[in-house]
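Each remark here refers to the structure printed beneath this line.
The values are calculated or read from the model by the stated rules, or taken from the named source; none is laboratory data. Since this is a predicted model, take the numbers as computed values, not measurements. Glycine gets a Cβ as well: all are built from the backbone with ideal geometry, and neighbour counts include every protein chain shown. We work out accessible area using only protein heavy atoms, side chains counted, and drop any ligands, DNA or RNA first. Shrake-Rupley method; radii C 1.70, N 1.55, O 1.52, S 1.80 Å.
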Amino acid sequence: MSNGMRVDLSALDEVIRKLNGLLTDMEKANGKATYETTIPSSAFGSEKFMESNGLHDAHEKQKARIEKMIKGLHELVDEFGKSASKVRQKYDEQEHANKQGVSADSGAKGSIH
């Protein structure tokens, strides 16, 4: 029996659509972080500049941290999107079952009279 509450499935669809768009944007960001931020060690100076290796190592560590953060965020958004899709599917199935139940009840009541 329904308590009169309804779920706006179109709002859930919009959330899922936006999450998928965010995932696409995050894939682009990950590509940039991975491939477009590489700096060769020579860019930090020659071997005569003693700190050049340290600067390059620091850059590589930060680059790896950023890639890891983007990956973690991507996984979180992906998980949320999949959960939202499952919730949307369950509501849709319940709505369909409710309609079938109402149709069955209407037919049964009609045949009693």
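Where nothing but the Cβ of Lys and Arg (+1) and of Asp and Glu (-1) is charged, how large is the charge dipole of the chain around its Cα centre, in debye to the nearest 20?
Rounded to the nearest 20 debye, it is 220 debye.
How much area per residue is accessible in the chain when the probe is 1.4 Å and only protein heavy atoms are counted (Å²)?
Values: 9150 Å² over 113 residues.
That works out to 81 Å² per residue.
Taking 7 Å along the Cα-to-C-beta vector as the label spot, tell me the residue 91-residue 50 distance in nanometres, rounded to one decimal.
Spacing of the two 7 Å Cα→Cβ label points: 6.4 nm.
Explain nothing, just the number: relative contact order of the chain, from Cα pairs under 8 Å at least 6 residues apart, as a whole percent.
Reported relative contact order: 38 percent.
Suppose we keep just the alpha-carbon trace of segment 1-66; what are its Rg and Dmax in angstrom?
For segment 1-66, the Cα radius of gyration and maximum Cα-Cα distance read 23.1, 80 Å.
Between residue 6 and residue 103, what is the FRET efficiency for a Förster distance of 22 Å, r being their Cβ-Cβ separation, to the nearest 0.05?
The calculated FRET efficiency here is 0.75.
Using r as the Cβ-Cβ distance of residue 43 and residue 69, and R0 as 41 Å, what FRET efficiency do you calculate, to the nearest 0.05? Before the final figure, lay out the partial values.
On the way: r = 24 Å, r/R0 = 0.57.
Efficiency, rounded to the nearest 0.05: 0.95.
At q = 0.24 Å⁻¹, what is the log10 ratio I(q)/I(0) for the chain, with the Debye formula run over Cα points and no solvent?
Each listed q corresponds, in turn, to -1.20.
Using the Cβ atoms and a cut-off under 12 Å, what net charge is assigned to the surroundings of residue 91, where Lys and Arg are +1 and Asp and Glu are -1?
On the way: positive: 6, 86, 88, 90; negative: 8, 13, 92, 93, 95.
Result for the neighbourhood of residue 91: -1.
Just to confirm the number: angle between the C-alpha axis of helix 52-112 and the first principal axis of the chain, 0 to 90 degrees, nearest 10?
Roughly 0 degrees, rounded to the nearest 10.
Determine the sum of side-chain charges near residue 77: Lys and Arg each +1, Asp and Glu each -1, restricted to other residues whose C-beta is under 14 angstrom from that of residue 77.
So the surrounding residues net to 0.
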